Amino acid sequence: MIPRKRHPWFAAFFAFGAAMCALTIGLLLCPGTPLDSLWRLNPDAHLAFQWSGKWSLLLMIIVGTGCAFAATGLWQGTLWGIRLALIILSVNIAGDLFNALVRHDYRALIGLPIGGAMIFYLARHQAVSKKVGAYGKD
């Protein structure tokens, strides 16, 4: 059997995403702490999370869990890890497009080429791996 190809940089990217979700959950659960100054980095997100109420916690738990699983799968070099990362990146690109077109937040456009390049790389690697049979029965 051919050894699995790990993706440590992609795993680190998704682990960072999971860590940021955990930080956001902490900030939402414990308002009024000195860490609240972090909301100055993205005050629009703070308003959106406040408006969403408890749904924002659920969303962050789902996204954080997805990122943690993707990081684990990419670190281990599993096919399901690549597929989960592709799904997360695709949803992120859709969100960036929505923000640019509907909310006229053109800063979101920077995510399109970055996310697209990541999707291209992972999708290409997934196709090659399936052809060669590097993953067996994941």
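The values are calculated or read from the model by the stated rules, or taken from the named source; none is laboratory data. If you're wondering where the values come from, they're calculated on a predicted model, not measured in any experiment. Methodologically, a virtual Cβ is constructed for each residue, glycine included, from the backbone with ideal geometry; neighbour enumeration extends over all protein chains shown.
Descriptive notes on the structure:
- A search for C-beta distances below 7 Å between a residue of the range 14-36 that is assigned to a helix (DSSP H, G or I) and any residue that is surrounded by fewer than 17 Cβ atoms within 10 Å (Cβ to Cβ), counting only pairs 6+ apart in sequence or on different chains, returns I25/L57; I25/I61; L27/L35; L27/D36; L27/L38; L28/L57.
- Test: residue in the range 92-111 that is assigned to a helix (DSSP H, G or I) and in contact (Cβ under 8 Å) with a residue 24 or more places away in the chain: yes
Yes or no, residue by residue, for (1) charged (D, E, K, R); (2) under 19 Å from the mean Cα position of the chain (by Cα); (3) exposed (fewer than 12 other Cβ atoms within 10 Å of the Cβ):
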position	(1), (2), (3)
K5	yes, no, no
W9	no, yes, yes
Q50	no, no, no
G95	no, yes, no
G111	no, yes, no
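- Filter result (farther than 20 Å from C67 by Cα and modelled with pLDDT of 90 or more) within the range 78-108: L97, F98, A100, L101, V102
- Residue selected from the range 66-80 under the condition farther than 26 Å from D44 by Cβ and under 12 Å from the mean Cα position of the chain (by Cα), by the criterion surrounded by the most Cβ atoms within 10 Å (Cβ to Cβ): A71
- Considering each residue of the range 25-48 in turn, none proves to be modelled with pLDDT under 95, basic (K, R), surrounded by fewer than 17 Cβ atoms within 10 Å (Cβ to Cβ) and within 22 Å of V91 (Cα to Cα).
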